[in-house]
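This report concerns only the one structure given below.
The values are calculated or read from the model by the stated rules, or taken from the named source; none is laboratory data. Keep in mind the model is a prediction, meaning the values are calculated, not measured. Please note: Cβ atoms are built from the backbone with ideal geometry, for glycine as well, and neighbour counts cover all protein chains shown.
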Amino acid sequence: MSNSSVQAVLLAAGKSARFNTKKTKLCHIICGQELIAYPAKLLARMHIPTTCIVSHQKEDIIATLACHDIPNISYVDQGEPKGTGHALLTALPSLSAQHVLVMNGDVPLITEELLTLLLEKHIKEEAAASFIISHSFSPSSSGYGRVIKQGESVEIVETKYNPDLSSESGFINAGIYIFKKSFLDNTLPNITPNNESGELYITDLIGAANAQGGRVCTITAPFDSIRGVNTLKDLWAVEHIKRSELITHWMNQGVRFIAAQNVYLDLNVSIENDTVIWPGCILTGNTHIGHGCTIGAYSCITDSTIHDGALIHPHSFILNSIVHQSAEIGPFAKLRLSSVGERTIIGNFVEMNRSSAGARTKAKHLTYLGDTCIGMQANIGAGTITCNYDGVSKHKTVIKDRAMIGSNNALIAPITIGKNAVTGAGSVLTEDVPDNAFSVSRSPQITKDHYSETLRLNTLAKTYLNAPESEPTT
Ligand code: UD1
Ligand code: CA
């Protein structure tokens, strides 16, 4: 079936009152993507031109969707939001297709399969109105509309204003509808507020279609796929479901999650098979993890690429970086805007910032590498610090292939340490070291034989001479 006869209206003008946050719920993030982007991208994937109804924080919603480059989307400002029916009424003059698919903006888990099923049934049965329903054992607590069927009649009643509704009718309204455009033209302008809030409700169109003798169709969907997000608790539940879907997908591709319930995973993370993800990992942004990697417990990896066979020890933090094949990172390492070569080891308490290290290089302990370019097979001694910042500007350090930096060196940038060069432990180096040279810069050691007792007596004498005079005794 072609979707050319269908136009969509995405409702995104509400005030998000139940969220109690300054930011609209529609811009809150679920697995790395804003809530409103889920239905908007789905409609775009289905090639359905979409009119998005905005009002509350409209600039933020429009800017958010602009970042996702959604084709065929336009915006209508609802002004003061006066209910879902009023939102659709505002869009009516701009609609021209034969059928109008209306979606609440806060239903992120709905799938293409369900929308297609609803569309097909609606068109095949020539319905005036069709909508998705679902089972829920306690809909009143979450504020869903309840579907009431009596004989031939069907209507949606909001539980908000009718808390005593019998739980025998276990169907709720998912907030996703398709209407014949001609039905909307004839009926929507005549809908009146039917509740204490004085708002116009889109749900009253279902009863109206039925009362006019029009056909009303429904399809039933699993509750998880139509959950609406009204509160932060709903957001948490929906994100949990989405994350479980993502983890299940990667498990099916051969990725081992030791404790899947403890892993946080974004939509745009991809992982190859035979990789093991330990508990507590947070993998976000556009991150790719190759085949046969181990990602140690409580590691955070964002917008980074980890190539095949890399071993990330626990508590590593990796941001905007590349870790090449079979490299080893951490524990407690921090990489930012950095690149680590094949089989290179960046060990515990090592920080790399805007730096790169070539293949088979080692910086295994307690080191800061800032604005540093290291060649291959170099060895950076424990406690080495590149002093890249003079309080005004950042300066570069270059450490060439097979150079060996002694422990506890301070390399004052800009500085270059040549190929095969060796530096002595404890050096503070301010000048370049040529290829193959040895450089050391530290105070000479003084040793005095049998001097320790003299030193102690000297110290005692100084203490005695400086002591305040005691009171004379009588
Ligand atoms: C709505 C339905 C309810 C259904 C539930 C499913 C109504 C009256 N009730 O309730 O039957 O079970 O969805 O999730 O429709 N919006 C506007 N303009 C407005 C008001 C709301 O654009 O004036 C937008 C909101 O931003 C939101 C969507 O419409 O994206 C739904 O509004 P919301 O207030 O969340 O409706 P519910 O109370 O969840
Ligand atoms: Ca809602």
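Can you run down the residue pairs with Cβ atoms below 6 Å, 6 or more apart or on separate chains, where the first is in region 427-449 and assigned by TED's automatic domain parsing to the domain that holds L411 and under 18 Å from G381 (Cβ atoms) and the partner is at pLDDT below 95 and among the basic types (K, R)? Qualifying pairs under 6 Å: S427/R442. Among the residues of region 406-429, just one is among the aliphatic types (A, V, I, L, M), surrounded by 17 or more Cβ atoms within 10 Å (Cβ to Cβ), under 19 Å from G370 (Cα atoms) and over 41 Å from the mean Cα position of the chain (by Cα), namely L429.
What residue, among those in region 1-51 that are among the β-branched types (V, I, T) and within 13 Å of ligand 1 (Cβ to nearest atom), is surrounded by the fewest Cβ atoms within 10 Å (Cβ to Cβ)? Filtering first and then ranking leaves T51.
Determine if region 112-121 includes at least one residue that is surrounded by 16 or more Cβ atoms within 10 Å (Cβ to Cβ) and in a loop (DSSP other than H, G, I, E, B). The answer is no, given that none of the residues of region 112-121 is surrounded by 16 or more Cβ atoms within 10 Å (Cβ to Cβ) and in a loop (DSSP other than H, G, I, E, B).
Could you go through region 70-83 and let me know if any residue there is touching a strand residue (DSSP E or B) at 6+ places or on another chain (Cβ under 7 Å), near ligand 1 (Cβ under 10 Å from one of its atoms), under 29 Å from P222 (Cβ atoms) and of a type in the set (A, V, I, L, M, F, W, C). Looking through region 70-83, none of the residues is touching a strand residue (DSSP E or B) at 6+ places or on another chain (Cβ under 7 Å), near ligand 1 (Cβ under 10 Å from one of its atoms), under 29 Å from P222 (Cβ atoms) and of a type in the set (A, V, I, L, M, F, W, C). The set of residues from region 187-212 being of a type outside the set (V, I, T) and farther than 12 Å from A129 by Cβ comprises P189, N190, P193, N194, N195, E196, S197, G198, E199, L200, Y201. Across region 246-268, the qualifying residues are those that are without any contact (Cβ under 8 Å) to a residue 24 or more places away in the chain and surrounded by 16 or more Cβ atoms within 10 Å (Cβ to Cβ), and the one among them that is nearest to the chain's Cα centre (by Cα) is Y264. Going through region 275-289 one residue at a time, which ones are in contact with a Gly (Cβ under 7 Å, 6 or more places away or on another chain) and either part of a loop (DSSP other than H, G, I, E, B) or free of Cβ contacts under 8 Å to residues at least 12 places away in the same chain (or both)? Across region 275-289, the qualifying residues are T275, W278, G285. Answer yes if at least one residue in region 127-138 is at pLDDT 95 or above and not in a strand (DSSP E or B), and no otherwise. Yes, some residue in region 127-138 is at pLDDT 95 or above and not in a strand (DSSP E or B).
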